[in-house]
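Every read-out reported here was derived from the displayed coordinates using simple, explicitly stated rules and does not represent laboratory data. The model shown is predicted, which means the values in this text are computed figures rather than measured ones. Because the Cβ atoms are built from the backbone with ideal geometry, glycine has one as well, and the counts that use them run over all protein chains shown.
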Amino acid sequence: MSKILLQGGTVVSAKGTKKADVLISGEKIVAVGRRLRADAEVVNVSGKLIFPGFIDAHTHFDLEVSDTVTADDFESGTKSAIAGGVTTVVDFATQNKGESLSDALNNWHVKAFGNSSCDYAFHMAISDWRDDIRDELEAMFEQGVTSFKVYMIYDAMELTDREIFDIMTELKKYGGIVGCHCENSGIIGRLRADAVSRGDTAPKYHPLTRPDYAEAEAVRRLLTIAQAADAPVIVVHLSTAEGYAEVQRARGRGVKVYVETCPQYLLLDDRVYDRPFDESSKFICSPPLRKPSDKKILWQAMRDGSIDTLSTDHCSFTVEQKRAGADDFTRIPNGMPGVETRAILTYTYGVKKKRISLQQMCAYLSENPAKLYGMYPAKGAVKVGSDADIVVFEPKGHSVISADNCHSACGYNPYEGANTSGEIERVYLRGQQVYAFGDIRLEHSGKYVPRGKPTL
């Protein structure tokens with residue numbers, strides 16, 4: 001069995017940092033400590049940071065949406081992932097109307113198997129709640145699917161409050177958890193229809209017809225349902241100060257709510273929608289980019305530890321695909337790439353600017369998602385017995401983000417030209433070096449990760 005000794009680095013965890021060597025044997029970490037000795041390949045990582053492999057718990061690869069399919073499938077999407085230090089993604093197996101959950105899960109296994117260059121797990125997105133679907137939940141848990149997504153918007157996915165309440169109540173029996181896309185469907189539907197009828201069809205009307213109060217109302221409603229069900233819940237891709245205020249109020253009355261946000265809501269704002277169509281359409285996502293004041297509140301929540309995970313909602317489309325809405329912003333496919341740049345952006349604009357600590361970066365990108373989604377300590381930790389998923393990070397590195405150097409099939413990057421600090425030098429996936437010094441060294445070695453109950 002091959003052994004690798006990472007020597008001289010600084011191991012980062014959510015609790016702190018320590019100088020330590022890391023010994024890998026096969027797929028596992030077998031020792032962490034000072035001045036380790038072993039008959040192993042020695043890799044000098046002096047001056048480098050050693051993170052547990054990053055986890056992106058919100059990606060959409062090979063997803064059919066808006067009469068098209070995302071530009072990134074599991075082939076290109078997971079290459080982007082490992083280049084960004086992401087060793088595990090949690091994608092959304094999505095049930096179409098009329099399908100069983102088993103059919104949906106099998107569909108996503110087919111998409112990912114043999115194509116993924118990082119490990120992968122699945123949430124289950126429920127679009128059609130029926131008695132026979134209720135009966136399938138136990139089988140989902142037996143297959144390692146323990147988190148479920150519901151939507152308060154989109155004709156193909158929207159569930160009623162009663163259905164969401166029922167799902168939460170059922171999942172309590174198994175120790176599962178619901179994540180929810182929170183936007184008020186009725187308000188947004190009317191605002192969008194009115195805008196189009198007036199001829200207001202440019203991308204700048206996208207954020208105007210998905211206002212912050214439509215997110216906040218839906219967050220409030222979700223947390224009221226969670227309170228009634230006495231069940232934990234996750235607000236995914238939180239984007240507004242108003243939505244965050246609702247979270248804080250609910251926590252004050254005892255609701256167990258976890259919060260995810262995304263780099264785009266911390267770093268970008270709605271001024272990009274004033275650009276010409278081919279540029280502005282790149283930033284059409286839902287929820288939309290918000291005001292600078294929302295970014296400030298979300299960064300403060302990150303600093304306070306009031307946000308639990310930082311995921312990307314990677315859902316990419318080419319400019320050509322975006323042009324489907326050239327005459328009507330409501331027809332622009334919603335989503336942006338992000339899985340490759342999340343870590344370097346977090347380090348540059350979070351750690352280096354002292355908005356968050358190095359330990360918090362580890363928590364948001366590795367440890368917390370591993371715990372929240374039932375993978376810890378196999379994932380999300382540099383500990384004896386953990387999978388040897390490791391990112392060797394060079395803190396003194398510098399680079400400029402460019403689509404030319406990224407692996408997404410969408411052909412652009414929302415952060416084009418950004419000067420970044422730090423560099424992902426090496427990535428190990430279960431003990432195998434899959435990325436080093438700008439090159440992918442090993443492809444298609446990802447495995448399915450069945451998950452347990454949340455432990456965060």
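With the alpha-carbon atoms as the only input, what is the per residue convex hull volume for the range 97-137 in Å³?
68 Å³
Among 360, 233, 114, whose Cα projects farthest towards the positive end of the dipole of the range 54-372, with charges put on the beta-carbon of Lys, Arg (+1) and Asp, Glu (-1)?
Final value for the positive-end residue is 360.
So for the range 54-372: antiparallel DSSP bridges make up what percent, rounded to the nearest 5?
5 percent
Taking H as built 1.01 Å from N, whose amide H comes closer than 5 Å to the amide H of residue 258, not counting residues under 5 places away?
Long-range HN contacts for residue 258: 233, 234, 235.
Which percent of Cα-Cα pairs in the range 235-313 sits in each 5 Å bin, short to long?
3, 15, 27, 23, 14, 9, 5, 2, 1, 0
Return a whole-number percent for the relative contact order of the chain, with Cα pairs under 8 Å and 6 or more residues apart as the contact set.
22 percent
How big is the dipole moment of the range 348-456 about its Cα centre under a simple scheme where the beta carbon of each Lys and Arg is +1, that of each Asp and Glu is -1, and everything else is neutral? Debye, nearest 20, please.
580 debye
Evaluate Rg over Rh across the range 231-380, taking Cα atoms for both radii and Kirkwood's formula for Rh.
0.99
So between residue 327 and residue 160, what do we pick up on full extension, going 0.36 nm a residue minus the alpha carbon distance?
In short, 57.0 nm is gained.
By count of other Cβ within 10 Å, fewest leading, how are 153, 24 ordered?
Result, fewest neighbours first: 153, 24.
Report, in listed order, any pair from 371/447; 396/447; 371/396; 3/383 with a Cα-Cα distance greater than 25 Å.
Violating the 25 Å Cα-Cα cut-off are 396/447; 371/396.
Considering all alpha-carbon pairs of the chain, what whole percent are spaced by more than 39 angstrom?
In whole percent, the share of Cα-Cα pairs in the chain beyond 39 Å is 16.
Taking one equal scatterer on every alpha-carbon of the range 10-73, how large is log10 of I(q)/I(0) by Debye at q = 0.19, 0.22 1/Å?
With one equal scatterer per Cα and no solvent, log10 I(q)/I(0) is -0.79, -0.96.
In debye, nearest 20, what is the charge dipole magnitude of the chain about its Cα centre with +1 on Lys and Arg Cβ and -1 on Asp and Glu Cβ, if you could check?
2300 debye
With each label point set 7 Å from Cα along the Cα-Cβ vector, what nm distance links residue 304 and residue 35?
4.6 nm
Assuming R0 = 56 Å, can you tell me the calculated FRET efficiency for the pair residue 193 and residue 172, based on Cβ-Cβ distance, to the nearest 0.05?
It comes out at approximately 0.90.
On each of the three principal axes of the Cα atoms of the range 358-444, give max minus min coordinate, whole Å, ordered largest first.
38, 28, 28
Need one number: the % of Cα-Cα pairs in the range 1-141 sitting beyond the 18 Å mark.
Tail fraction, whole percent: 66.
So for 82, 50, fewest C-beta neighbours within 10 Å to most, what's the order?
Neighbour counts put them in this order, fewest first: 50, 82.
Between residue 279 and residue 113, 0.36 nm times their residue separation minus their Cα-Cα distance comes to what?
56.3 nm
For a Förster distance of 35 Å, can you work out the FRET efficiency between the beta-carbons of residue 455 and residue 19, rounded to the nearest 0.05?
0.80
Report the trypsin sites (Lys or Arg not before Pro) located in the range 1-88 that are in a DSSP loop and have at most 11 other Cβ atoms inside 10 Å of their Cβ, or state none.
The qualifying sites are 15, 34, 35, 37.
Toward the positive end of the charge dipole of the chain, about the Cα centre and with charges on Cβ (Lys, Arg +1; Asp, Glu -1), which of 16, 175, 427 goes farthest?
Of the options given, the answer is 16.
For a quick check: sort 299, 108, 129 by the number of other beta carbons within 10 angstrom, fewest at the front.
If I rank by nearby Cβ atoms, fewest first, I get 129, 299, 108.
Calculate, axis by axis, the spread of Cα positions in the range 88-230 along the three principal axes, and write the results as whole Å, longest axis first.
Here the Cα extents, ordered largest to smallest, are 50, 40, 28 Å.
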